[in-house]
Amino acid sequence: MKHTTTFALFILFVSYLVSCNTDDATRITAGEYDSAMIYREFAPPLRLQFDSAQTYRYGTDTIDINLDDVYDIVIAQRLPVNLTANDNYTDDNYPYTRLVLNNGVEVATKTHNVPMPHDDRHVETWVDTLQINTPIDKNMDWMATNYFVNMWVVAPSNSFQGTTGTWYNITNEERFVGIRIKMSSGYKYGWLKIRQNTRDNIEIVSSAIEK
């Protein structure tokens, strides 16, 4: 009986180690895909379609990452007709590009410590800009689903002071957004490839997620 109990405990211990090693291992890297992933290339790349208003344009598009016929990410962009740094922006018209997360999708994020009046500080969260081959795993900071997270903003003077976001100064470059989807069996990891020609001209190039 003692030997049986010892053996059972040993099996549980080994299973625990294997589980830990699997969880701690790098799942994928940005730009990588194989037959174990759902890969989608947009040809031509997705460009936002805009509705015009008197002073700004608003555009959105949706992406179904895992091809289950339910949209996972809304890419939204609000742009003044003349995009300039302007202290007169209000909460109703300031320019931004953001991701709205649905259907269990989370995105990798980066935080900035933002100075505020009276020596206060505020932490602002942005979509991280990943280079190709960046590991994507649980050790990153993640924004939960059913929220939005900005890529960049030019905000009213009473908010976002000291930072305009991680994507604000990127021009003529391709970067990756780390993504993951929470399933009953755990997380599926993947990425979204975005080409930012200018901050008001972006293209969604491709996506990949573990099956």
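The values are calculated or read from the model by the stated rules, or taken from the named source; none is laboratory data. Not measured: the values here are computed from a predicted model. When we count neighbours, we look across all protein chains shown, and the Cβ atoms used for this are built from the backbone with ideal geometry, even at glycine. The accessibility values were calculated without ligands, DNA or RNA, using every heavy atom of the protein model including side chains. Shrake-Rupley method; radii C 1.70, N 1.55, O 1.52, S 1.80 Å.
Residue by residue through region 93-103, note down the ones that are more than 8 Å from the chain's Cα centre (by Cα), open to solvent by less than 20 Å² (accessible area, probe 1.4 Å) and more than 18 Å from Asn169 (Cβ to Cβ). Quick ask: steps written out before the conclusion?
Filtering region 93-103 down to residues more than 8 Å from the chain's Cα centre (by Cα) leaves 93-98, 100-103.
If we keep only those that are open to solvent by less than 20 Å² (accessible area, probe 1.4 Å) as well, we get 95-97, 101.
Correct list: Leu101 only.
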Exactly one of (1) modelled with pLDDT of 90 or more; (2) surrounded by 16 or more Cβ atoms within 10 Å (Cβ to Cβ); (3) assigned to a loop (DSSP other than H, G, I, E, B); (4) not aliphatic (A, V, I, L, M) is unmet by Tyr89. Its number?
(1)
Any idea which residue in region 128-158 is least open to solvent (accessible area, probe 1.4 Å), counting only those that are free of Cβ contacts under 8 Å to residues at least 40 places away in the same chain and not in a loop (DSSP other than H, G, I, E, B)?
Trp142
Output yes when any residue across region 176-199 is surrounded by 17 or more Cβ atoms within 10 Å (Cβ to Cβ), part of a loop (DSSP other than H, G, I, E, B) and either at pLDDT below 95 or not aliphatic (A, V, I, L, M) (or both), and no when none is.
yes
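State whether one or more residues within region 169-186 are more than 12 Å from the chain's Cα centre (by Cα) and within 18 Å of Val114 (Cβ to Cβ).
Keep residues of region 169-186 that are more than 12 Å from the chain's Cα centre (by Cα), which gives 169-174, 182-186.
The next check asks that each one be within 18 Å of Val114 (Cβ to Cβ); those that pass are 169.
Yes, the conditions are met somewhere in region 169-186.
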Given the criteria in contact with a strand residue (DSSP E or B) (Cβ under 6 Å, 6 or more places away or on another chain), modelled with pLDDT of 90 or more and not in a loop (DSSP other than H, G, I, E, B), does Ile75 qualify?
yes
Assess whether Arg47 counts as being modelled with pLDDT of 65 or more and either closer than 23 Å to Glu174 by Cα or open to solvent by 80 Å² or more (accessible area, probe 1.4 Å) (or both).
yes
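If I filter region 104-122 down to residues being open to solvent by 40 Å² or more (accessible area, probe 1.4 Å) and modelled with pLDDT of 80 or more, which single residue comes out as farthest from Gly31 (Cα to Cα)?
Step one: of region 104-122, the residues open to solvent by 40 Å² or more (accessible area, probe 1.4 Å) are 110-113, 115-122.
Then keep just the ones that are modelled with pLDDT of 80 or more; that gives 110-112.
On the way: Lys110: 19, Thr111: 23, His112: 25 Å.
Looking at the filtered set, the residue picked out is His112.
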